[in-house]
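Chemist: One structure, as structure tokens, below. Some questions next.
The values are calculated or read from the model by the stated rules, or taken from the named source; none is laboratory data. Because the structure is a prediction, the values reported are computed rather than measured. Here Cβ is always computed from backbone atoms with ideal geometry, including for glycine, and neighbour counts include all displayed protein chains. Ligands, DNA and RNA are excluded from the accessible area calculation, which covers all protein heavy atoms including side chains. Shrake-Rupley method; radii C 1.70, N 1.55, O 1.52, S 1.80 Å.
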Amino acid sequence: MKSLFYGGWILKDYFDREMAQQRISDNVKVNVEAHPQEGIGEDGQAVIDYHIAYSYEVMKTEKKNVGDWEPGRYLLAESNAATASVQVIRETFEKELAGYIVPGRNITIKVTGSADGAPILRPIKYSGLYGDFSGEPYYLNGNMDNISISYKTGISTNGQLAFLRTYGVRHFIEQEIPTLQKTTNVFEHYVFVAEARGNQFRRVSIEIVIHDAFRK
């Protein structure tokens, strides 16, 4: 995993530690990149935001490619690679990034999910785990749109699959990262649907922006 440093702290070797303890599959590599960037605060004044991006690679093995979602799957637990990513997010926010998290601080969480172009010939059953969605705003291939998904009608498009993959990440962050339960969070969901087929198109990535991160 790439080293990440700024403001007196360093994140490195996390991936190796997790692999050694067999908490992350040895064919998944989680990448973390971070950088400060000038932004505009609520009062219109210049501030420094902190951008942290999480992504992953799934390495080919002699076995099947274990890591990405199988066709038609969307639950977070069904992707070893996505699960590894959110574990890294929890680790970094509970430890290295904890000093930047204060009650009420504004945080934007951008989750991008993708799907391949394999046709869905019949509706896929939706478990309802994340609730029903009616006119939920999101970005589809870069354009603002809205999406509806329900337990009754199921999943009929790859866009819906990709959206639910992003929502699995959101659900984990909301439920499993206590430090982010005291901040003011805005989630943005981005979906990309490829024309080609393949598990390399069934993935998620996450960017978290801590606004005005260096204000005491």
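Chemist: Any chance you could look up the accessible area of Tyr139 with a 1.4 Å probe, heavy atoms only, rounded to 10 Å²?
Modeler: 70
Chemist: If you don't mind, there's one more thing I want to ask. What is the extension gain from Thr153 to Ile48, computed as 0.36 nm multiplied by their sequence separation minus the C-alpha to C-alpha distance, in nm to one decimal?
Modeler: Additional length available on full extension: 33.3 nm.
Chemist: With viscosity set to 1.002 mPa s and temperature to 20 °C, compute the Stokes-Einstein D of the range 109-216, Rh being the Kirkwood radius across alpha carbon pairs; µm²/s, no decimals.
Modeler: Here the translational diffusion coefficient equals 144 µm²/s.
Chemist: Ignoring ligands, DNA and RNA, please state the percent of accessible area on the range 25-163 from carbon and sulfur, probe 1.4 Å. Let's see the in-between values first.
Modeler: Working: 3470 of 7000 Å².
Percent of accessible area from carbon and sulfur atoms in the range 25-163: 50.
Chemist: Treat each spin label as a single point 7 Å out from the Cα along the C-beta direction, and report the Asn106 to Ser134 distance in nm.
Modeler: 3.1
Chemist: Hey, quick one: spin label on Ile40, modelled 7 Å out along Cα-Cβ, who in the range 100-137 has an amide N within reach, i.e. under 18 Å?
Modeler: 106-108
Chemist: Among Arg90, Arg203, Arg105, what's the order by accessible area (1.4 angstrom probe), most exposed first?
Modeler: Values: Arg90 80, Arg203 55, Arg105 10 Å².
Most to least solvent-accessible, the answer reads Arg90, Arg203, Arg105.
Chemist: Where in the range 186-216 does the label zone of Arg73 land, with the point 7 angstrom along Cα→C-beta and an amide N cut-off under 15 Å?
Modeler: Once the point is set 7 Å along Cα→Cβ of Arg73, 198-204 turn out to lie under 15 Å by backbone N, inside the range 186-216.
Chemist: How much of Thr183 can a 1.4 Å solvent probe reach, expressed as accessible area in Å² and rounded to 10?
Modeler: About 20 Å², rounded to the nearest 10.
Chemist: What order do Leu75, Leu97 take when sorted by accessible area (1.4 Å probe), most exposed first?
Modeler: Final ranking, largest accessible area leading: Leu75, Leu97.
Chemist: Residues of the range 80-157: accessible area per residue at 1.4 Å, in Å²?
Modeler: Working: 3780 Å² over 78 residues.
Computed with neighbouring chains in place, this is 48 Å² per residue.
Chemist: Additional query: Can you give the FRET efficiency to the nearest 0.05 for Leu121 and Glu176, using r as the Cβ-Cβ distance and R₀ = 41 Å? Intermediate results must be reported in sequence, preceding the final value.
Modeler: Values: r = 35 Å, r/R0 = 0.85.
Taking R0 as 41 Å, the efficiency between Leu121 and Glu176 is 0.75.
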